[in-house]
Amino acid sequence: MKSMNVLSNYLIPIFLTISLILYYYLIPFTTADVGNYYIPWYNYIIEHGSARLIVDQFANYTPPYLYLLIFGSLFRDVVDPLTIVKIISIAGTFFLASSIYFLLTALTDRSRATIGGLLALFLPTVVLNGPASAQSDAIYTGFCLFGIFSVIRGRPAWAMACFGFAISFKLQAALLAPFVLYLLVTRRVTVTDCLIGLAAAIGIMVPAWIAGSSPVASYMIYFGQSQFFHKLSMNAPNMWYILQSKFNFPFRKGVYLGLAAGISATVLIPLLALRNRKPTDLDLLLVAFTSVLCLPYVLPKMHDRYFFMADILSLALAIAAPSWRTIACAVLIQYASFIACCQFVFKIYDAAKMGVLPMSIASLITLYMFLSRMVFTAPVFTKAGTARGV
């Protein structure tokens, strides 16, 4: 154990230095989103002022991300727009790495937690999402992980506040809905805690409202995002990608069926998890992981990046409870999610199709682990925090 602690201490400066060098060389890399959205939003701040960006609804992201752009604009005289946008995403990536570290400290020893945090910096989907593509999925995911950490540590109010901040950044945080519902029905969080989460989600919007934005408009952005594309799968490697591309499944029918499947999963996951009367901390992580993997797999209109939280939680589970199943899930999900994202970022035609089978296999393995542990209470995890190869 002592040798592992010494090794992890040496790894921290080495890995951090390598990650910074890698991220630095990725700053010039751009995608269509950077050129069409993020930099024009930043330039709008420079030309019209920070308040106008929010009030005029020039951007289709919620105010919390725009606050970061506004803060970045303070350095416009010394840093170019692309670098500002990239620094925001890179900072979010380090925030994500810290969140996975803290989550793992609640589940395993600090050496493994350190390794997990460092590995997160180099996950292909993490590097492609933030440092390369300037996306901000790391920020909402980091808040979600801090929320799960707070639940495990017995701090429900902090947990719901983190979930509130997460959903104020991106609606994808709602993929944790089955897990949050499970926390409610098991009384790990109370209605009061949920109100604190609601207050956090509302409170972070207050500066935008003071600037002149309408409260309704702040949240209507989510509705506008949901109406932006009319495809059953926006390159998400789920069942809808195959039904859409190979069988030309009707869009409206698929939306109705997918929403029904999503609602059913949101209800069934916590109900089935209730069968385990004495859930461990690892069981809580398993319920959260099952939630964020299952929903984007069955819901329609999912984007390639919507498996991002599943990418991260699969890594956390594999490190906290290593077995061939947890490691296989982490590898398969990482591959499927990465190759799907490559379809947009690198314009690789039909790349998401290559991720459907691995994601489907990972989903089946996860379902098996979930049912084995939460319904039949099989000893999938040992008390020491490792997983049996059952």
Read through the list (1) closer than 28 Å to Arg110 by Cβ; (2) out of contact with any Asp or Glu (no Cβ under 8 Å at 6 or more places or on another chain), then give the number of the only condition that Met302 fails. (1)
Are there any pairs, at least 6 apart or on different chains, whose C-beta atoms fall under 8 Å, with the first in the stretch 293-314 and closer than 14 Å to Ser363 by Cα and the second among the small types (Gly, Ala, Ser) and assigned to a loop (DSSP other than H, G, I, E, B), and if so, which? Pro296/Ala236; Phe307/Ala236
Of the conditions (1) outside the structural domain of Phe146 (by TED's automatic domain parsing); (2) touching a Ser or Thr at 6+ places or on another chain (Cβ under 8 Å); (3) part of a helix (DSSP H, G or I); (4) at pLDDT below 95, the single one that Arg252 does not satisfy is (2)
Residue check: is Met309 buried (at least 22 other Cβ atoms within 10 Å of the Cβ) and either over 24 Å from Ser150 (Cβ atoms) or not assigned by TED's automatic domain parsing to the domain that holds Arg373 (or both)? no
Would you mind listing the helices (runs of 4 or more DSSP H) fully within the stretch 145-216 where at least 1 residues are more than 22 Å from Ile269 (Cα to Cα)? 156-169, 191-203, 206-211
For the condition assigned to a helix (DSSP H, G or I), under 27 Å from Arg252 (Cβ atoms), outside the structural domain of Arg112 (by TED's automatic domain parsing) and not basic (Lys, Arg), what is the one hit in Met359, Met369? Met359
Considering the stretch 255-289, residues that are in a loop (DSSP other than H, G, I, E, B) and of a type in the set (S, T, N, Q), and then whichever is nearest to Ala173 (Cα to Cα), we arrive at Thr280
Listing of helices (runs of 4 or more DSSP H) fully contained in the stretch 54-134 that carry 3 or more residues being under 22 Å from Phe307 (Cβ atoms) and of a type in the set (Lys, Arg): none
Mind checking whether some residue in the stretch 22-32 is more than 21 Å from the chain's Cα centre (by Cα), over 26 Å from Leu123 (Cβ atoms) and not aromatic (Phe, Trp, Tyr)? no
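For the stretch 133-166, how many residues meet the condition of being among the small types (Gly, Ala, Ser) and within 18 Å of Leu68 (Cβ to Cβ)?
7
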Of all residues in the stretch 313-353 being hydroxyl-bearing (Ser, Thr, Tyr) and touching a strand residue (DSSP E or B) at 6+ places or on another chain (Cβ under 6 Å), the one that is nearest to Thr31 (Cα to Cα): Thr326
Scanning for something under 24 Å from the mean Cα position of the chain (by Cα), surrounded by 14 or more Cβ atoms within 10 Å (Cβ to Cβ) and touching a residue at least 60 places away in the same chain (Cβ under 8 Å), does the stretch 41-58 turn up at least one residue? no
Please indicate, with yes or no, whether at least one residue in the stretch 236-256 is surrounded by fewer than 22 Cβ atoms within 10 Å (Cβ to Cβ), closer than 18 Å to Thr366 by Cβ and free of Cβ contacts under 8 Å to residues at least 60 places away in the same chain. no
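The values are calculated or read from the model by the stated rules, or taken from the named source; none is laboratory data. Since the model is a prediction, treat every value here as computed from it, not as a measurement. Neighbour counts run over all protein chains shown; Cβ positions are idealised from the backbone, glycine included.
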